[in-house]
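Written out below as structure tokens is the structure these notes cover.
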Amino acid sequence: MSATKERSLEKLVTLLTHAQRGAFAIALYDRLSVRREMVAALRNRLSQPVHEVHLSEQEKNPVDLIRALEPRAGDVVMLFDMERAFPDALRYLDFQRESLTEKNISLVCWVNRFEHRELAQKAPNFYAFRTAVFDFTTVDEPVVLERVFIGRKRELKKLTEMLESKGVIVLTGLGGVGKTALAEEATRRAGSLFAGGMVWINCETRPSIDEIILSAGVAFVGELVRQLPPDERRERLDDSLHDRACLIVLDNFEFIADDSDMLKWVKTISPRSAAMVVSRNSVPYLSAPTMKLDAMPSDEAVELFIHLAKNAGWEGKDEEAVPRLCEIAGDLPLAIAMLAPRVAELSISKLEELIARNIETISDAKDPLREEHHRSIAACFRVSFDRLSEDARNLLMRLSVVPDGVSERTIGPLTEIEEWHHPAAECVRFSLLNFDGRRYRIHPLVRRFALAQLGDAMEEWQRRFVDFFRNLAEENPNINDLSNLAVLDEEWRNVIAAAEAAATLGDHDLVIVIAHYLGEFLLLRGKWLECEQLCESAVDAARASGNRKAEGLSLSHLSVVYTHRGRLSDAERALQQSISISQELGIKQGLGRSLINLGNVYGQQGRWVEAEEMYNKDLEICREFSDRKGEGAALNNLGLIHKEQGNWARAEDALRQSLKIRREVGDRIGERGTLNNLGVFYLNQGQWAEAEKVFQQSLAISREFGDHIGEGRTLANLALLSEGLGDQSNAIRFAQEALRVLDTTQEEKVKAEVRELLARWGQPSEAQTSMK
Amino acid sequence: MPANTLADALNLFDPRRQMRVEELDAYYVKRPHAALDPMKTYLRTSNQPVKILFSGHRGCGKSTELLRLAKDLDDHFFVVHVSARSLNLADLNYVDVALSCAAALFREATSKVRRVRIPAALWREVLGFLTNEITTETTITVPQSGSVSGKINALVFSIEGKYGKETATRDTMRQRLYPRVNDLIQQANAVCEEIHRVTGRPPLIIFEDVDKTDLATARNLFFEHATTLNSSVCRIIYTFPIALCYSNEFTQRLGDYNKHFLLPNVSLSDPQGVSNADGHRALREVITRRVSEEIFDGAALDHIIESSGGLMRDLVRMVCDAALIALTDGVPKIDSKIVEQVAAGMRNDFRHLLLPGHYDALREIQNTRQITPNETARQCLENLSLLEYSNTVVWGDVHPIVKPLL
């Protein structure tokens, strides 16, 4: 304990021991940990009863609360958290000071700088009754590292370099992202650069510019400055900052970022010294080099979690679930620090369940070292949220219904805020929203917090979100249209989330509609898992609503995913059900789609005859209904079957017919497939030049449409072609490129085939490395 | 016999404690240039039901002076004390003041200690008015048995208790009082005249703590509702916020009241800086009547007196804090070094109160010793960085503790 604090403690103990009819004492602190330490020390040293009164938004009248304790004369009452009950608490204290005096108790008001100033100015009658102010502030004490520091190597290096360059620098980021910890570590490492010393000022207590100058003056010039007038004090400090390299850290700067005098002063700090502004808000006025800190990389978050959990006595049970828990916590260090010690008491699955229910679960009210706004994740975010303008708060709350962020194109229509630019910029400035140049995104925990703030309006905004993305999917149904594809590429995660929300809201039709429009896109992009879940939801929705037609259609869609994933028996079962429904309802076109899909299953199983039968039946139906696109698909598949059966002429004929139709109807994705199949046909025939020509055409379309699976397949075929031409190095190059492209998809079958090729050519499989 | 230990000093100089009437003889010290004598003379010689505004700095000793005045005038007046503290200071208004004055008058006149024999018929009329017109629809009830004056006494206690604390009761009663406030004052006036007739002493109401409301509330009360505040036939002294004296409106509205008396701080010098021995002597006596000079070392006592600026509560706090430091340090006496620590602590407290514009204004007043009525001066008077004195002329100076900051 520092000498100043020790002396203040002694003096307070003396007062509380000797004041026979009580006293009013003001205890000034700037760190919660210090307050707790001093209160504990007082309790140890006093013989009379000590009561604690904590004010809150609900409990604002300290006089009533003290009265309810029924303290006896001579008892000590400690009053905490006055700011939470401002301004009412000040009025109660000011107007009812005599009723407290009459109780002959000693009242110790624990106040931070802001509370002290408010008390002095707005409760002058009460303040006039004080015996003295007891100073427990810590400004002249070195920073004590109170936390473990893990990861962040890159950020630490960059911040240390910024400090080395001197001048003003800004470290910004979302509350709880670990700014203070990083700043502490960086100042510890760069400490030797600042021969003049370092002062750490916690601006959470809203110190005035005079108080900051005084604190820095005491640290760099000495106690003498306390007795100087403000102007002279500032001059002496400025001289010191100019003469020797000093470091001022202004932590939690967002609390005083509106103080224009403060900003002006910080800007004038001598470049020989450094000022590190640590703030949730960006501070554009300073025009200073700024480092924005994001959530931790997942592996570092997991490492931090495991370290903290083990320190708390966790034995490593269910360690494999830790990454999932960190993901739920958005890899936010504060959330991880709050959650990790709890796995020593609760299973990870239970913890996940609790967090899913309420983010208030992410809290640690018991840790004496935590500052007030770091005792729960909600409290942490509230500090920033409460400072937003009403427009910005509305924007953030409305955006919170969207899990995957929004583009500039969708933010206005979705939130129904036409003039969204300023509120969005404000949210970004307060680090509650991220903008990567294309999309505005909210950290998952901030999103949960903001969603809760919607209160009764939450359901209404979830409904709007669902409708908005249903319409978006409906308006962009054509995967052969590049502009439709671009929209879906940006928003498909939100569309899926809309389907999930619709399921929660019990809107079955909406789930079915979204699955119908988004299914093809997900298949094109190789999003098998997402497609499978969406189609299964659609099947459930159709069954729940008794919509047999939709059930049949959804089962048919589902079978395609099963087939891609090699779950052929599941696919066959789904298709049998789908076919049965189509027959029952007499829907021939639906039947046709199921037949072609069943043909695909048979084809995968080598059941060529049955596959051909299915394709022929489908072809017949397509022709009956003039479904040219379907006809092109059926012919393409028939061509493949003929090829497999060695019927080369029929194969070429079918494929050429398919290509013609697909080109006619503008089915570019289908055209790509047929070109690839034709290439395989020519390859089998040894017609190398023709094969290469159509493979290149197929490749071009794949690349134009971002069809990575198609591109990977064609590249693999080009590898085989090169092998056939005796150019093994080119073959290896194509195969490796195919693996790189396929790695961005969930397609495993083709990847396995390519790996086999590479193994045959004696090449290490890069895919295996990247798979890790 | 003054106490002679530091622990006694700590307890005797408690900035929260007001002097009690039984302590007056032991501790009261007559202040030079105080307003008490002229005010007493004015009250004694005036035949009118005068209304007096009495102002002074927070902690300058107003309550003590009024306690002394009440004691000295006890033979001439039927003194009744009222405090605005029993009301809700946050939204004090004129009907609250009228009700408090009437209730206090009724309470004192019906108290068994004072035994004022007022005809029962008048009390019955008052009781009927209070129960039928004012307290109806509230939880306030009248005892079923007992004399009519006993019933009024009980009823008034109940009104005074609930009006300040129960919002619902206060709101209901206020709604009933707004159209009936003149009737209430008439009832109080009738009682007032009867007290005068029976006791031979006209009632004098000392209404304290009105100056502790915020300025907007005080302004509304004193300037907008002066007629109601003047309607009583009682003589009334209202404590009045000193900061309101520094407004142009005050000069215009002063005529609504009979007289304004200012209780200045004890001046330790004249405006030219020539030391005022009377002031020093008075403050020294304030201390030495309670504690022996022996607990002070060397010039420490004078140092405290000088540093207090003549503001009574700061003098009290400084002795208290100095005793506390001496006790903490285990030293037998308060020396100048300790006093300087106390002063440094109080200087720090002022840092929380002074705003950027205050420093220039204070520098100017330090040079001119004149207080110009404006918002900055008003704020400085309010936060006690600026003190007002009156020797032969009224003048101002910066609190000595603040001066090193300028």
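The values are calculated or read from the model by the stated rules, or taken from the named source; none is laboratory data. Model, not experiment: these values are computed from the prediction. Glycine gets a Cβ as well: all are built from the backbone with ideal geometry, and neighbour counts include every protein chain shown. These accessible areas exclude ligands, DNA and RNA; they are computed on the full protein's heavy atoms, side chains included. Shrake-Rupley method; radii C 1.70, N 1.55, O 1.52, S 1.80 Å.
Quick notes
- Any chance B:G330 is more than 14 Å from chain A (Cβ to nearest Cβ), small (G, A, S), more than 22 Å from the chain's Cα centre (by Cα) and open to solvent by 10 Å² or more (accessible area, probe 1.4 Å): no
- Across segment B:271-286, the number of residues qualifying as of a type in the set (V, I, T) and closer than 24 Å to B:F13 by Cβ comes to 1.
- Residue check, B:R317 touching a residue at least 60 places away in the same chain (Cβ under 8 Å), facing chain A (nearest Cβ under 10 Å) and either among the polar types (S, T, N, Q) or under 29 Å from B:I295 (Cα atoms) (or both): yes
- Number of the exception - A:R97 against (1) closer than 27 Å to B:Q18 by Cα; (2) out of contact with any Leu (no Cβ under 8 Å at 6 or more places or on another chain); (3) open to solvent by 10 Å² or more (accessible area, probe 1.4 Å): (3)
- For segment A:66-77, residues that are surrounded by fewer than 21 Cβ atoms within 10 Å (Cβ to Cβ) and outside any loop (DSSP other than H, G, I, E, B) total 3.
- Close Cβ contacts (under 9 Å, 6 or more residues apart or on different chains) running from residues in segment A:113-125 that are more than 13 Å from A:T137 (Cα to Cα) to residues that are buried (at least 20 other Cβ atoms within 10 Å of the Cβ) and of a type in the set (F, W, Y) comprise A:L119/A:F126; A:L119/A:Y127; A:A120/A:Y127; A:Q121/A:Y127; A:A123/A:Y92; A:A123/A:F95; A:N125/A:F95.
- Selection of first residues in segment B:67-93 that are closer than 19 Å to B:R115 by Cα and open to solvent by 20 Å² or more (accessible area, probe 1.4 Å) and of second residues that are at pLDDT 95 or above and not in a helix (DSSP H, G or I), restricted to Cβ pairs under 6 Å at least 6 apart or on distinct chains, gives the following pairs, ordered by first then second residue: B:H81/B:I206.
- Residues being open to solvent by less than 20 Å² (accessible area, probe 1.4 Å) and in contact with a Leu (Cβ under 8 Å, 6 or more places away or on another chain) - total across segment B:286-327: 16
- Here the condition is being surrounded by fewer than 14 Cβ atoms within 10 Å (Cβ to Cβ) and not assigned by TED's automatic domain parsing to the domain that holds A:A183; of A:E303, A:E353, A:E319, it holds for A:E353 alone.
- Flag: A:L107 does not match the condition of being under 23 Å from B:R313 (Cα atoms), within 14 Å of chain B (Cβ to nearest Cβ) and either charged (D, E, K, R) or part of a helix (DSSP H, G or I) (or both).
- Looking across B:A9, B:A34, one residue alone is assigned to a loop (DSSP other than H, G, I, E, B), crowded, with 19+ Cβ neighbours inside 10 Å, of a type in the set (A, V, I, L, M) and touching a residue at least 40 places away in the same chain (Cβ under 8 Å). It is B:A34.
- Test: A:R272 is touching a residue at least 24 places away in the same chain (Cβ under 8 Å), touching a His at 6+ places or on another chain (Cβ under 8 Å) and in the same structural domain as A:P207 (by TED's automatic domain parsing): yes
- Some residue of segment B:274-285 being away from chain A (no Cβ under 14 Å), in contact with a helix residue (DSSP H, G or I) (Cβ under 9 Å, 6 or more places away or on another chain) and open to solvent by less than 30 Å² (accessible area, probe 1.4 Å): yes
- Selection within segment B:141-175: residues that are among the basic types (K, R) and surrounded by fewer than 19 Cβ atoms within 10 Å (Cβ to Cβ). The member of this set that is nearest to A:S99 (Cα to Cα) is B:K165.
- Taking each residue of segment A:568-594 that is within 10 Å of A:S556 (Cβ to Cβ) and looking for partners that are of a type in the set (D, E, K, R) and surrounded by fewer than 21 Cβ atoms within 10 Å (Cβ to Cβ) with beta-carbon atoms closer than 6 Å, six or more apart or interchain, yields A:I581/A:R548.
- Tally, over segment B:41-60, of residues that are modelled with pLDDT of 95 or more and within 17 Å of the chain's Cα centre (by Cα): 4
- Residue in segment A:16-29 that is away from chain B (no Cβ under 14 Å) and under 19 Å from A:V111 (Cβ atoms) present: yes
- Output for segment A:479-527, where each listed residue is among the hydrophobic types (A, V, I, L, M, F, W, C), closer than 24 Å to A:V741 by Cα and open to solvent by less than 10 Å² (accessible area, probe 1.4 Å): A:L485, A:L488, A:L518, A:F521, A:L522
- Scoring B:Q18 on the criteria (1) under 15 Å from B:L67 (Cβ atoms); (2) open to solvent by less than 60 Å² (accessible area, probe 1.4 Å); (3) under 20 Å from the mean Cα position of the chain (by Cα) leaves a single failure, condition (2).
- Every residue from segment B:333-342 that is part of a helix (DSSP H, G or I) and buried (at least 21 other Cβ atoms within 10 Å of the Cβ): B:I338, B:V339, B:V342
- The criterion of at least 3 residues that are modelled with pLDDT of 90 or more and more than 14 Å from every other protein chain (Cβ to nearest Cβ) is met by the following helices (runs of 4 or more DSSP H) wholly inside segment A:172-291: A:179-190, A:230-243, A:260-267.
- For segment A:333-414, the helices (runs of 4 or more DSSP H) that sit wholly inside it and include 1 or more residues that are at pLDDT below 85 and out of contact with any helix residue (DSSP H, G or I) (no Cβ under 9 Å at 6 or more places or on another chain) are A:348-357.
- Subset of segment A:600-642 [within 47 Å of the chain's Cα centre (by Cα), of a type in the set (G, A, S) and closer than 21 Å to A:K660 by Cβ]: A:G630, A:G632, A:A633, A:A634
- Helices (runs of 4 or more DSSP H) wholly inside segment B:60-134 containing at least 2 residues that are assigned by TED's automatic domain parsing to the domain that holds B:E193 and more than 26 Å from B:V29 (Cα to Cα): B:94-110, B:120-129
- Condition met for B:Q379 (within 14 Å of A:Q121 (Cα to Cα) and within 14 Å of chain A (Cβ to nearest Cβ)): yes
- Verdict on B:G310 being modelled with pLDDT of 95 or more, outside any helix (DSSP H, G or I) and either under 29 Å from the mean Cα position of the chain (by Cα) or in the same structural domain as B:A282 (by TED's automatic domain parsing) (or both): yes
- Evaluation of A:E102 against (1) touching a residue at least 12 places away in the same chain (Cβ under 8 Å); (2) at the interface with chain B (Cβ under 10 Å from one of its Cβ atoms); (3) closer than 18 Å to A:L16 by Cα (one fails), failing number: (1)
- Flag if B:I325 is free of Cβ contacts under 8 Å to residues at least 40 places away in the same chain and within 14 Å of another protein chain (Cβ to nearest Cβ): yes
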